[in-house]
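Structure, as C-alpha cells:
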C-alpha cells in the first residue's frame, strides 16, 4: 500500500527535477571561454556586445563581431579594448544620415 503511494510521488519529483534542467540547457548561448591577448584592428570590427553572468556566461568579455562575421573575445578591462569600444560608439552615434560635403565655393578672380 505504501509503495502505491510512494511510487507516484517519486515519479512526480523526478519529472520536476528533469523539466527545469531542459530549460536551462536551451538558454545557453555561445560564450567566450578565454579572452584573446592580441590587439584587434579597428578596421576588422563592425560591432560588439558584452557577456558575463547576466547573459549566462561565466567569463566577462567584450565580444567583437568582425566584418566577416567572426567572433573575437577580449578583456573588458584592457585599455585598447576600451578605446576600440569608444571608437565604435562614436561611429554608431554619427551613422545616422549619410553626410554630404558642402558645395565648394568658386573663388572670384580679381
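In this rough spin-label picture, where each label sits 7 Å from Cα along the Cβ direction, the residue 54-residue 80 distance is 2.7 nm. The calculated FRET efficiency for the pair residue 87 and residue 109, based on their C-beta separation and a Förster distance of 41 Å, comes to about 0.40.
Can you figure out the FRET efficiency of residue 34 with residue 67, using R₀ = 22 Å and their beta-carbon distance, to the nearest 0.05? About 0.45, to the nearest 0.05. Counting pairs of Cα atoms in segment 30-91, how many percent are more than 12 Å apart? When all Cα pairs of segment 30-91 are counted, 64 percent exceed 12 Å.
All of the numbers you see were taken from the coordinates with simple rules; none came from a lab. Only a predicted model underlies this, so the values are computations on that prediction, with no experimental measurement involved. Note that each Cβ is placed from the backbone with ideal geometry, even for glycine, and that neighbours are counted across all protein chains shown.
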